[in-house]
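Q: Have a look at this one.
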Amino acid sequence: MKIAVIGAGNVGGTLGRRFVGAGHDVVFGVRDRADAKVAALLATMKGPGEASAADNRAAAQAATLVVFTTPWEATQQAVESSGPLAGKIVIDATNPLVFGAGGSEGLALGFSTSGGEMVAGWAQGADVFKTFNQVGWEIMADPVIEGRRAVMFVAGSEGKGKQTVIDLVASIGFDALDIGPLSQSRILEPLGQVWIHTAMKMKMGREWAFSVVRRDKR
Ligand SMILES: NC(=O)c1ccc[n+]([C@@H]2O[C@H](COP(=O)([O-])OP(=O)(O)OC[C@H]3O[C@@H](n4cnc5c(N)ncnc54)[C@H](OP(=O)(O)O)[C@@H]3O)[C@@H](O)[C@H]2O)c1
């Protein structure tokens, strides 16, 4: 599958590297292709998929699936500069964070809408999913800890797109679990806050993840 990863920072770079490793062709959507850090990132990609970089519009229009990994405050512009997304699968990996002097201080929205639903409003006609927002990029680089897969929930509408997203999330090592429609971003974004708060403020560090333990009584 051809995947556009819009934003090539910690999350975008890591996911792109994992997708290329899983055999997908990745085109990063970047603001400045001549930036030395873009060449440095591309040099870290190890096939079998291919990696390249383009502006947001060229990247997104070439792809079947588009992943947004931009800071929240840049995300509306990133979506709008990607051109028409109708008919494409879109993953919103962002967290709508508010920052203060001490770092992240909570979510900018959440009770009556969510970042995921805002992205769906900007990406008219796209099949939008919320996932990859719940743990740090270090876990995305390697989601298996002590032999157990970290869970990664997926919210979005039912249909072919959801299975594609679940398969993609599972292909890089996560225990991918469907959590229902996109409106469940309203609970996945606070879940991301649980990880950020414990990792940073409670000093648990960034090398931990959520995992599901299940007593099978069905
Ligand atoms: N960090 C984590 O562990 C983590 C985990 C889960 C979710 N998230 C969420 O994922 C998002 C990205 O986090 P991050 O840590 O990867 O941030 P980051 O390292 O700062 O990377 C953000 C990237 O977005 C790019 N960017 C900004 N505006 C853009 C635009 N209009 N078009 C294209 N690219 C643009 C930046 O490019 P420039 O170099 O040009 O500035 C940079 O490469 C945030 O919403 C965050 O809340 C983060």
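The values are calculated or read from the model by the stated rules, or taken from the named source; none is laboratory data. None of the values given here were measured: they were computed from a predicted structure. Every residue, glycine among them, receives a Cβ derived from its backbone with ideal geometry; neighbour counts consider all protein chains shown. We work out accessible area using only protein heavy atoms, side chains counted, and drop any ligands, DNA or RNA first. Shrake-Rupley method; radii C 1.70, N 1.55, O 1.52, S 1.80 Å.
Q: Around Ala58, what is the net charge, scoring Lys/Arg as +1 and Asp/Glu as -1 over all other residues with Cβ under 13 Å from its Cβ? Display every interim value, and only then the final one.
A: On the way: positive: Lys2, Arg31, Arg33, Arg57; negative: Asp55.
Cβ neighbours under 13 Å give a net charge of +3.
Q: I've got another one for you. Within the chain, what is the number of lysine pairs with alpha carbons under 23 Å apart, leaving out pairs fewer than eight places apart on the same chain?
A: Taking the chain as the scope, the lysine pair count is 12.
Q: Another one. Please give the solvent-accessible surface of Arg186 in Å², to the nearest 10, using a probe radius of 1.4 Å with every protein chain present.
A: Using a 1.4 Å probe on the heavy atoms, I get roughly 80 Å².
Q: Considering the convex hull of the alpha carbon atoms of segment 143-218, report its projected area averaged over all viewing directions, in nm², one decimal.
A: Over every viewing direction, the Cα hull of segment 143-218 projects on average to 6.2 nm².
Q: Right, another one. How big is the gap, in Å, between the Cα center of segment 76-118 and the Cα center of segment 1-52?
A: Between the Cα centres of segment 76-118 and segment 1-52 lies a distance of 21 Å.
Q: For segment 124-168, state what percent of all Cα-Cα pairs lands in each successive 10 Å bin, counting from 0 Å until the bin that includes the largest distance.
A: All Cα pairs considered, the percentages come to 25, 47, 24, 4, 0.
Q: Let me ask something else about it. Residues with amide H under 5 Å of Phe28's amide H, sequence separation 5 or more or different chain, H placed in the peptide plane at 1.01 Å from N; which?
A: The list, which skips near neighbours in sequence, is Val5, Ser52, Ala53, Ala54.
Q: Dividing the convex hull volume of the alpha carbon atoms of segment 88-140 by its residue count, what do you get in Å³ per residue?
A: On the way: hull volume 4.7 nm³, N = 53.
Spread over its residues, the Cα hull of segment 88-140 gives 89 Å³ apiece.
Q: Still on this model: Using modelled amide H (1.01 Å from N, peptide plane; none on Pro or chain starts), what sits under 5 Å from the amide H of Val90, excluding residues fewer than 5 places away?
A: Val66, Asp127, Val128, Phe129
Q: Can you give me the three principal axis dimensions of the chain from its C-alpha atoms, in Å, biggest first?
A: 48, 42, 38 Å, listed from the longest principal axis down.
Q: For segment 1-42, compute the orientation-averaged projected area of the C-alpha convex hull (one quarter of its surface), in nm². Could you put the intermediate results ahead of the total?
A: Working: hull surface 10.4 nm².
The Cα convex hull of segment 1-42, projected and averaged over all directions, gives 2.6 nm².
Q: Pairwise over distinct Cα atoms, reciprocal of the mean inverse distance: report the Kirkwood radius of segment 44-116 in Å, one decimal place. Provide the component values of the computation, followed by the final result.
A: Details: mean 1/r = 0.0706 Å⁻¹.
Across segment 44-116, the inverse of the average 1/r is 14.2 Å.
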